[in-house]
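Data block below; observations after.
The values are calculated or read from the model by the stated rules, or taken from the named source; none is laboratory data. The shown structure was predicted, so the numbers you read here are calculated from the model rather than taken from an experiment. Counting neighbours? That spans all protein chains shown, and the Cβs are built from the backbone with ideal geometry, glycine included.
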């Protein structure tokens with residue numbers, strides 16, 4: 001199993017699925033993390049009041065969309081790692097590139113294992129500046145050769 005990051009890490013866990021929140025909270029607390037839970041509509045308020053080391057959000061929530069939330073959070077603090085969890089990640093083709101998340105996890109039987117590993121990796125990683133998903137630059141085209 002991956003080594004644990006510092007137990008003082010503050011994680012904002014956002015999802016309107018109560019059972020999913022409870023399960024993820026229990027798993028992450030067992031790994032030694034400090035967790036703050038907020039509903040989708042309160043996530044931005046919580047995020048602006050406290051510093052977080054990581055955000056984990058669902059994709060589909062009442063009155064909120066996880067991908068839109070990621071974009072808003074990136075505008076506030078572009079260096080905070082964000083994980084998107086969705087039961088339709090594979091079906092919808094959700095990726096880090098098209099969501100702005102640092103990691104996308106498919107809900108299912110391997111979700112807990114992936115979540116623990118991804119959280120540990122992201123909390124250990126040095127922050128890198130990630131643009132909001134709406135500002136992701138287009139892929140680079142072929143390089144032009146200089147004439148000699």
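Of the residues making up region 22-46, those that are in a helix (DSSP H, G or I), modelled with pLDDT under 85 and either over 15 Å from residue 112 (Cβ atoms) or in contact with a strand residue (DSSP E or B) (Cβ under 8 Å, 6 or more places away or on another chain) (or both) are 29, 40, 41, 42, 43, 44, 45, 46. Taken over region 76-91, the criterion of being in contact with a strand residue (DSSP E or B) (Cβ under 9 Å, 6 or more places away or on another chain), touching a residue at least 24 places away in the same chain (Cβ under 8 Å) and farther than 16 Å from residue 56 by Cβ is satisfied by 88 alone.
Please find, within region 1-21, the residue that is modelled with the highest pLDDT out of those that are surrounded by fewer than 13 Cβ atoms within 10 Å (Cβ to Cβ) and over 18 Å from residue 113 (Cβ atoms).
19
For region 71-98, residues that are assigned to a helix (DSSP H, G or I) and over 19 Å from residue 119 (Cβ atoms) total 9. Here the condition is being surrounded by fewer than 19 Cβ atoms within 10 Å (Cβ to Cβ), farther than 20 Å from residue 27 by Cα and touching a helix residue (DSSP H, G or I) at 6+ places or on another chain (Cβ under 9 Å); of 97, 64, it holds for 97 alone.
Any residue at all in region 134-141 that's part of a helix (DSSP H, G or I) and either over 11 Å from the mean Cα position of the chain (by Cα) or at pLDDT 90 or above (or both)? Write out each step before concluding.
Step one: filter region 134-141 for residues part of a helix (DSSP H, G or I), giving 134-135.
Next cut, either over 11 Å from the mean Cα position of the chain (by Cα) or at pLDDT 90 or above (or both) only: 134-135.
Among the residues of region 134-141, at least one is part of a helix (DSSP H, G or I) and either over 11 Å from the mean Cα position of the chain (by Cα) or at pLDDT 90 or above (or both), which makes the answer yes.
Taking every residue in region 44-66 that is at positive phi and pairing it with any residue that is surrounded by fewer than 19 Cβ atoms within 10 Å (Cβ to Cβ) and assigned to a loop (DSSP other than H, G, I, E, B), at least 6 positions away or on another chain, the pairs with Cβ-Cβ distances below 9 Å are 63/16; 63/39.
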